[in-house]
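The numbers here are math on the coordinates, done by the rules we state, and not lab data. Since the model is a prediction, treat every value here as computed from it, not as a measurement. Note that each Cβ is placed from the backbone with ideal geometry, even for glycine, and that neighbours are counted across all protein chains shown.
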Number of protein chains: 4
Amino acid sequence: MVKRIGILTSGGDSPGMNAAIRAVTRVGLNSGLEVFGIYNGYKGMVEGYIEPLTRETVGDIVNRGGTILGSARLPEFKDIEVRKKAIAQLKKRGIEAVVVIGGDGSYRGALSLTEMGINCIGLPGTIDNDITCTDYTIGFQTALETVVECVDKLRDTSNSHHRCSIVEVMGNRCGDLALWSGIACGAEIVVTSDTGFDEQDVLDRLRDIDIIKKKKHAIVVISEKITDVDQFAKKVSLNTGFSGRATVLGHIQRGGSPCPFDRLLASQMGEKAVDLLMQGIGGQCISIRDNKIISYPIEEALSMPQESRKPLMNLFDRLV
Amino acid sequence: MVKRIGILTSGGDSPGMNAAIRAVTRVGLNSGLEVFGIYNGYKGMVEGYIEPLTRETVGDIVNRGGTILGSARLPEFKDIEVRKKAIAQLKKRGIEAVVVIGGDGSYRGALSLTEMGINCIGLPGTIDNDITCTDYTIGFQTALETVVECVDKLRDTSNSHHRCSIVEVMGNRCGDLALWSGIACGAEIVVTSDTGFDEQDVLDRLRDIDIIKKKKHAIVVISEKITDVDQFAKKVSLNTGFSGRATVLGHIQRGGSPCPFDRLLASQMGEKAVDLLMQGIGGQCISIRDNKIISYPIEEALSMPQESRKPLMNLFDRLV
Amino acid sequence: MVKRIGILTSGGDSPGMNAAIRAVTRVGLNSGLEVFGIYNGYKGMVEGYIEPLTRETVGDIVNRGGTILGSARLPEFKDIEVRKKAIAQLKKRGIEAVVVIGGDGSYRGALSLTEMGINCIGLPGTIDNDITCTDYTIGFQTALETVVECVDKLRDTSNSHHRCSIVEVMGNRCGDLALWSGIACGAEIVVTSDTGFDEQDVLDRLRDIDIIKKKKHAIVVISEKITDVDQFAKKVSLNTGFSGRATVLGHIQRGGSPCPFDRLLASQMGEKAVDLLMQGIGGQCISIRDNKIISYPIEEALSMPQESRKPLMNLFDRLV
Amino acid sequence: MVKRIGILTSGGDSPGMNAAIRAVTRVGLNSGLEVFGIYNGYKGMVEGYIEPLTRETVGDIVNRGGTILGSARLPEFKDIEVRKKAIAQLKKRGIEAVVVIGGDGSYRGALSLTEMGINCIGLPGTIDNDITCTDYTIGFQTALETVVECVDKLRDTSNSHHRCSIVEVMGNRCGDLALWSGIACGAEIVVTSDTGFDEQDVLDRLRDIDIIKKKKHAIVVISEKITDVDQFAKKVSLNTGFSGRATVLGHIQRGGSPCPFDRLLASQMGEKAVDLLMQGIGGQCISIRDNKIISYPIEEALSMPQESRKPLMNLFDRLV
């Protein structure tokens, strides 16, 4: 049976990664394993930046944002020669299996390593909720809370000035942060890659909100990389009764103490990952699906279509 | 088809009730219904304290704690004569159906009214997560966040003083607030009605945590009505190396701006309730089960056993 | 003696304005005055958008961001004919004196009105802390908290990625938000209109922080309108070992529930304003100076030089 | 000139102590000193639990609650023989001067040490604001924010249930937490050691608030050790129209990330302490007075009377 496992975080960080590191470490140690931290993602694996983790190393981190293991991107990991070096580093330390916390790209690395003999399990760590096989990724709810807090603040001040706040949030391929926060904040309009962006239509609707609904303010939540929000804010000022102001929330969405939901999710997923590795299973990734912690083969997971967001979009429209 | 519906909040309030009121009102109005607010629960129904709700009445409340409709308990509502008065008040205003947000007791009232010809739909509004037919009640995640924030603060100060903090949280019949927050905060010990309370055993474990694990502090989370936590804190001081301090979180757990999870849940459940009423259905309650918004007959719901918390308790033990 | 007073908020809103409105109203009513809310600043004064305020109107607003009275800019108020219209509106309602909450520009309007026979008292409501006669403006501490919370979040994620976060905060003429938050967050570099911006020097210092101090991340806080932070972030990526990322905090700094410090400050200043008006005094503005609530003639106040920020800049340097 | 200084935290911890530790360490190191952390207050001094502090040791702590040095009470420190042992421990390491962060009791120890040849400077670290020579202690504003956040939550739920919340806050000798939070939250009644507690009078006023002012809820803030708040809540239920509920906030008031105000105050005070020690001065304590960082001889400081709170109490009465 497996004796030594490693853990790494890869790609953009997300709140709850530390809770997952803690869970993998504690559950591993309590199950008689030795657990190693691999620093700075696959980069540290290749360079051998690997240290043993103890109960104490992961003490008092469950409530901390970011990742104590650091993260880095390493596109060269696609190269088999690079991966061979990584595996040599693991073998030197007797590490037989690895938990990888990250996004799609990190899952691919985990799959390649598994195929080369190192069992890997993927955990969904990203604020974008853009991993289709899981209902929630670790960090999504916390990022959502950050967005909602910020929009609640913008509402205070928009309200006082007959203003239209245009808020750009993260998540391009997946509009969940925009759609969920739009519902949660009572935004007037949400624009995601699913809804598409018809500029003229949005301006028309804003005019209606001003003139017909007589609202004192309007909030538009929009996913990143859809339009230049500063330019769009100017058009709002020119073409509607509102004064338009753009806010790009940016990287603050990645930080912050994880909310309880993410701490629980990360802990449950970390536990499941260790259990799979102890059963000699690799090449799988952990999901929460229908409120249950399950796993899928990574290959299957990567090709799953996203569940439709239509019901939530309908809800949004019925709440306006 | 139904034309006029009412909505009331009943029992202890919970964060997210306002988001549910807003959703029922907006979805109702957007579906062509008239919507009436019934103030102070069943009491206001009997007394006829009922007012029309508009888009504006429910504007800017999605992020507010408490309930704009007020809440009150009315044990006499079990009496059929009292309910007849209530129904007369509804009929006078042409209100044919009602959404009831509250706990078990409120569901019973909703069922009785349905049997008397007023279709009612129940929504689970309580911070205790003690409604067995739903995975989450409206307000539970927000209350959990309040608990976790408070325990994170206690940890700061316990850490500095070699202290054992004993924290009493709400939820007697259902230990979820204690168990979830215990996992989320990295508590050392959790005591709920499920775990039972063996005082001597807890003291022994605290001694181990001090002497063997050499921890600088310990946190015990305990559900309300299990023991006198002030007395127990004194025993901790006398019988272990820690200085014991009790904190009873109390009613602050019921307040606060609802977290996005609760705002979404409340909105989705409110939408579902209106849709059922429009289909002429009553006597049902709304649940989130396996991440889907569904409904059960109230009678069936009230007799459902609680799902086992064993897996989470095991996880807690493996994380310590 | 004065019988009826008005109150308005003008210019950019700031957290705590509502607490000031409440204080002026309650203290006024409790002193036997009638109090009128003038909506949308001087614009509402000219248009006669003026309503009586009661105890209830200002209930439950002490903890709300924004201003219930709304705000707007009215450059035309410099025109004496416009001011005459405003005064006619006040006289029609018997309003003999007005409290004006806002910034420098609003003070000038207050002074002109006083000279025309309507006693006015100014209250410093702006997040920028750019009113030289007062140590603190209403809203500054709350805005500071918002900035600090955001930077604490950026630190989480910068730490995980060997990143340099460049954070643009409000306050161009006055660098207090940048300097204070830089100290409070342990930023590596602060750039304000006082420090000036020598791009090459900042890049050199960042290289030192990376190579010599071997820090895992760096935070640069910079006042608005000093440089294009997105461009600068690119230069950081090109010229230092850090990956540079810009964040423009924008209007979220104006919102949020006021912190207790601002609620107290606003309440004390509101009280003082009413007391002055009752003594028949106008043309003054309220300050907190050396921890005491005092007043200055507006003319004198507007020409006061800013106290030196040298001591705080030295402290910043000694803490790095 | 002094070469080596020590720093300790003593008595109850308060948010901002870590920011002070960081400031003393960084300013000391940047001035060419060596800085030592003395763990667990005077106890660690006697036992020789003393370690060097580096830039890194105090990195990333400015935003953390509690104290990384730990704290403990040691009544025996009044005994000169015990202090001699402490001094021997310091001399063994060449530590010539010490910064002591704590309350009145800690100041006395600092004065005794100074008289025995070790220059000590006191910093006011306590949430109670009960050190009469300073306008603010380190931690007071943060504790105030915790109280205000909790009361804002209680207001949500009190509002929904026609309830009177009785909130017990820390600070017996000094009622500032009660008085300030009472003003900041818009409480109906405040009870401190200054106001005294006339139970019958408070009940009468609550009846008025219910019957005459027709308020939906009432909040009473009361300092600790004045009455049994649970008993008093029962009397409120029996004797007024409100349902009374008591909440004892307890130790959560000591925790939490320090607010910017406290981080700044701690940093400025830490700087001043190091500067005094470098000038060969001891037996002084640091204060903020009239918005300036100054120092007093400890002896003089300990006998200073508290400034009158009458103006704030009057303000409270005028705001109700």
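The table for this structure:
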item	result
With Cα atoms, 0 to 90° folded angle of helix D:104-115 axis to chain D main axis	20 degrees
Taking B:Met1, B:Met45, D:Met304 and counting other C-beta atoms within 10 Å, the order from fewest to most	B:Met1, D:Met304, B:Met45
Fraction in percent of alpha-carbon pairs per bin - 5 Å, the stretch D:141-255	2, 13, 26, 26, 20, 10, 3, 0
Inter-chain shielding of B:215-225 (mean C-beta neighbours from other protein chains, 10 Å cut-off)	1
Label 7 Å beyond Cα on the Cβ vector: D:Gln279 copy-to-copy distances, nm	3.7, 7.1, 8.0
Chain C, rotation onto A, residue closest to that axis via Cβ, with its distance in Å	C:Val248, 3
Amide H contacts of B:Val167 (H built 1.01 Å from N, under 5 Å, at least 5 apart or other chain)	B:Val220, B:Val221, B:Ile222, B:Thr247
Most to least packed among A:232-245, C:268-281, A:205-218 [average Cβ atoms within 10 Å]	C:268-281, A:232-245, A:205-218
Length-normalised contact order of chain C in % [C-alpha pairs under 8 Å, at least 6 apart]	23 percent
Placed amide H near D:Thr67: partners under 5 Å, 5+ positions off or other chain	B:Ser160
Net +/- balance of residues flanking C:Glu115 in space, Cβ distance below 14 Å, scoring K and R +1, D and E -1	+3
Euclidean distance between Cα centres, the stretch C:252-292 to the stretch A:15-55, Å	53 Å
Residues with amide H under 5 Å from that of B:Ser287, placed H, sequence gap 5 or more	B:Ile294, B:Ser295, B:Tyr296
In degrees, nearest ten, helix A:17-30 long axis to first principal axis of chain A (Cα)	30 degrees
Fewest-first sequence of D:Cys120, D:Cys185 by Cβ atoms within 10 Å of each Cβ	D:Cys185, D:Cys120
Listed residue pairs exceeding 19 Å between alpha carbons, taken from C:Lys292/D:Lys292; C:Lys3/C:Lys272; B:Lys43/B:Lys92; B:Lys215/C:Lys153	B:Lys215/C:Lys153
Charge dipole magnitude, Cβ of K and R +1, D and E -1 - chain A, Cα centre, debye nearest 20	480 debye
Neighbour-count ranking [beta-carbon atoms within 10 angstrom, fewest first] of A:Leu312, D:Leu144	A:Leu312, D:Leu144
Charge tally in the Cβ shell below 10 Å around A:Arg22, where Lys, Arg are +1 and Asp, Glu are -1, A:Arg22 excluded	+3
Radius of gyration and Dmax over the Cα atoms of chain C, both given in Å	21.7, 71
Shape call, the protein assembly as shown: gyration tensor on alpha carbons, a/c limit 1.5	rounded
Listed residues C:Asn30, C:Cys164, C:Ala97: farthest to the positive end of the dipole of chain C (Cβ charges)	C:Asn30
Karplus 3J(HN,Hα) series, Hz, for the stretch D:295-305 with 6.51 cos²θ - 1.76 cosθ + 1.60 (x for Gly, Pro)	9, 10, x, 4, 4, 4, 4, 5, 9, 5, x
Cα long-axis angle, helix D:140-161 against chain D (0 to 90 degrees, to the nearest 10)	20 degrees
Distances in nm from D:Ile211 to the matching label points in the other copies, shortest first (labels 7 Å along Cα to Cβ)	5.7, 6.2, 8.1
Radius ratio Rg over Rh of the stretch A:41-138, counting only Cα atoms, Kirkwood formula for Rh	0.96
Net dipole in debye of the protein assembly as shown [+1 Lys, Arg Cβ; -1 Asp, Glu Cβ; about Cα centre; nearest 20]	0 debye
Cα centre as origin, Lys/Arg/Asp/Glu Cβ charges: the stretch B:141-255 dipole, Debye	380 debye
Percent of beta bridges antiparallel (DSSP, the protein assembly as shown, rounded to nearest 5)	20 percent
Inter-copy separations for B:Pro311, label at 7 Å along Cα-Cβ, nm, ascending	2.0, 6.0, 6.2
Average beta carbon contacts from partner chains per residue of A:241-254, 10 Å cutoff	5
Cβ-based net charge around A:Arg309, under 9 Å, with every Lys or Arg adding one and every Asp or Glu removing one	-2
Karplus-derived HN-Hα couplings along the stretch B:33-38 (A = 6.51, B = -1.76, C = 1.60, θ = phi - 60°), whole Hz, x at Gly and Pro	8, 9, 10, 10, x, 9
Candidates per trypsin sites (Lys or Arg not before Pro) in the stretch B:1-38, loop by DSSP, up to 15 other Cβ within 10 Å	B:Lys3
